[in-house]
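Written below as structure tokens is the structure these notes are about.
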Amino acid sequence: MSLGTHKKDYTKGERIKIHQPDAHKADKFSPSNQIYVRAVEGLWTNVRRRMGWVAMLVFMLLPWIPWGDRQAVYFDLAQQKFHIFALTIWPQDLTLLAALLMIAAFGLFFVTTYLGRVWCGYTCPQTVWTFIFIWFEEKLEGSRNKRIKLDKMPWSFNKLWRKAAKHTAWLSFSLLTSMTFMSYFVPTTDIYYEVFTLQASGLIYFWVLFFMFATYGNAGWMREIMCIHMCPYARFQSAMFDKNTYIVGYDATRGESRGPRSRKADPKELGLGDCIDCDLCVQVCPTGIDIRNGLQYECINCGACIDACDTTMERMGYEKGLISYTTENKLEGKIERVARPKLIGYGLVMVAMVGVFLLAFDHIKPIRIDILRDRNQLYRENVDGLIENTFTLKILNKTEEQHTYTLSVAELDDYQWIGPKTVTVESGQVFTLPISIAIDPADLHRTVTDFNIEVTTKVDGEKVTVEQETRFFAP
Ligand code: SF4
Ligand code: SF4
């Protein structure tokens, strides 16, 4: 914990202990270096709170939405199928998954180049959960100054029950988070019933406890250490930033020289800028930095310091926006440019990947067919004197219902099909069918003939045909 001397908070007319900017940087891992985040209200805090609520509700409720006889969103690792409402992604549809990941990656690059680290500040689970944990802390241990005092005082009943309640709340919320996360992989109704009636497997208990303590550790204890020292995104974001990227910036031209003054005093007469050095922008910062020192990689663009400073400006009767979402060019008095090659490049790649995704999505078929040739024998002459090639067909039913499939051959004349021509396959099952195709040698004009095997069925009343090319070998 880094505390300085008593200073006057001129915006409130009260004496408070303040956080010394950058003092904690001496050793961020020291337990005595805890950042006591001060609660703040304002536009960006409200935006972040609402976005956090939306993200939390989506995360918590999605596993409870039914879709037919399964969950709407369910990642079935045992069957290697990802269900997302009507869409089922099989391992065979990896292009779709790869395109989705590329869209997400380039979407993130695009947003970061344009708006800086807003992902970190508003939607990253680390930030959302950290702010929820800080909320529990605030409710159970009190405001920032009360928490500082509580930590400094010797153990008493008051301290004990507050600490116990806080950690119980953190652990309970972590357990709920862990159970919710696991519900994406194990049916929701099963996991809650099995875990709480002690009927779950050891593996399930291991993962529930693992994610519970990971949440508790990350959002309760690690907090900004995750963002600053462990998150790779914080490291490579600088490659996406340019002078037109929106950052949280302090207008030093307007704010300096900083210093305390009476509300009635004219700062110009005192030779001061608009920053009254109240330190609120530092106290509300979840990563504990002083944005007045310029752009720092620790800044997650959460906007809390903007709200804090706007409150101070309002109380002092000054114009808001001493700290704001701005660009380096704007701070330097230069012209801002929205359209720039890097941003356009990321945007174009993202649009292209959306195109690839839609194309891949359009080509998803409810059937998959694989044809394996008999590797031991290219062809043989059968008892009727016909040339015969043997194949193994693997038909995968990717739908949620049982289907009957009709097999046929295209682009091959005067052939004999030896084997069943219709098969019934259960949902999600692979049917393996050995067949042979025989042709009179008089009708064969080439040693190798390309042709297609077709599989046809009806899905939701619509005829669906999937074909795959293979070869017929002759002497
Ligand atoms: S400097 Fe401001 S925007 Fe950046 S992390 Fe701290 S409070 Fe959030
Ligand atoms: S920048 Fe704003 S919030 Fe920060 S110390 Fe100055 S007046 Fe206070």
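The values are calculated or read from the model by the stated rules, or taken from the named source; none is laboratory data. These numbers come from a predicted model, not from an experiment. With ideal geometry, Cβ positions are generated from the backbone for all residues, glycine too; neighbour counts draw on all protein chains shown.
Miscellaneous remarks
- If you go through the stretch 190-207 and keep only what is in contact with a Phe, Trp or Tyr (Cβ under 9 Å, 6 or more places away or on another chain) and part of a helix (DSSP H, G or I), you end up with Ile191, Val195, Trp207.
- Lys264 falls short on exactly one of the conditions (1) surrounded by fewer than 18 Cβ atoms within 10 Å (Cβ to Cβ); (2) within 16 Å of ligand 1 (Cβ to nearest atom), and that condition is (2).
- Residue match in the stretch 49-70 (condition: assigned by TED's automatic domain parsing to the domain that holds Ile323, aromatic (Phe, Trp, Tyr) and under 30 Å from Lys320 (Cα atoms)): yes
Each row is one residue, and each column tells you yes or no for (1) surrounded by 23 or more Cβ atoms within 10 Å (Cβ to Cβ); (2) within 13 Å of ligand 1 (Cβ to nearest atom); (3) more than 25 Å from Asn244 (Cβ to Cβ).
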| residue | (1), (2), (3) |
| --- | --- |
| Gly273 | no, no, yes |
| Arg315 | no, no, yes |
| Ser324 | no, yes, no |
| Tyr346 | no, no, no |
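- The stretch 293-311 - residue that is within 13 Å of ligand 2 (Cβ to nearest atom) and without any contact (Cβ under 8 Å) to a residue 60 or more places away in the chain and, of those, surrounded by the most Cβ atoms within 10 Å (Cβ to Cβ): Cys309
- Residue within the stretch 76-88 that is closer than 17 Å to Gly428 by Cα, assigned by TED's automatic domain parsing to the domain that holds Val186 and part of a helix (DSSP H, G or I) present: no
Each row is one residue, and each column tells you yes or no for (1) more than 9 Å from ligand 1 (Cβ to nearest atom); (2) in contact with a His (Cβ under 9 Å, 6 or more places away or on another chain); (3) not acidic (Asp, Glu).
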position: Val248; (1), (2), (3): no, no, yes
position: Glu256; (1), (2), (3): yes, no, no
position: Leu270; (1), (2), (3): yes, no, yes
position: Val282; (1), (2), (3): no, yes, yes
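- Considering each residue of the stretch 276-289 in turn, none proves to be away from ligand 2 (no atom under 16 Å from the Cβ) and in contact (Cβ under 8 Å) with a residue 12 or more places away in the chain.
- Taking the criterion of being in contact with a Cys (Cβ under 7 Å, 6 or more places away or on another chain), near ligand 1 (Cβ under 6 Å from one of its atoms) and not polar (S, T, N, Q), the residues of the stretch 297-311 that qualify are Ile300, Ala304, Cys305.
- Qualifying residue in the stretch 391-399 (condition: surrounded by fewer than 17 Cβ atoms within 10 Å (Cβ to Cβ) and more than 29 Å from Ala98 (Cα to Cα)): yes
- Residue-level analysis places Tyr114 among those that are in a helix (DSSP H, G or I), closer than 25 Å to Phe357 by Cβ, touching a residue at least 60 places away in the same chain (Cβ under 8 Å) and hydroxyl-bearing (Ser, Thr, Tyr).
- From the options Thr432, Thr399, Thr424, residue that is under 21 Å from Gln79 (Cβ atoms), under 42 Å from the mean Cα position of the chain (by Cα), free of Cβ contacts under 8 Å to residues at least 24 places away in the same chain and not assigned by TED's automatic domain parsing to the domain that holds Gln79: Thr424
Residue-wise test of (1) surrounded by fewer than 18 Cβ atoms within 10 Å (Cβ to Cβ); (2) farther than 20 Å from Ala55 by Cβ.
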residue: Gly68; (1), (2): yes, yes
residue: Tyr74; (1), (2): no, no
residue: Leu77; (1), (2): yes, yes
residue: Ile84; (1), (2): yes, no
residue: Asp93; (1), (2): no, yes
residue: Ala104; (1), (2): yes, no
residue: Phe109; (1), (2): no, yes
residue: Thr113; (1), (2): no, yes
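- Taken over the stretch 261-275, the residue count meeting the criterion of being within 14 Å of ligand 2 (Cβ to nearest atom) and either of a type in the set (A, V, I, L, M, F, W, C) or in contact with a Leu (Cβ under 9 Å, 6 or more places away or on another chain) (or both) is 5.
- For beta carbons closer than 9 Å, sequence separation of 6+ or different chains, a first residue in the stretch 312-338 that is closer than 21 Å to Gly294 by Cβ and a second that is at pLDDT below 90 and within 12 Å of ligand 2 (Cβ to nearest atom), the qualifying pairs are Thr312/Tyr10; Thr312/Thr11.
- Those helices (runs of 4 or more DSSP H) lying entirely in the stretch 269-367 with at least 1 residues farther than 23 Å from Leu115 by Cβ: 280-283, 304-316, 341-362
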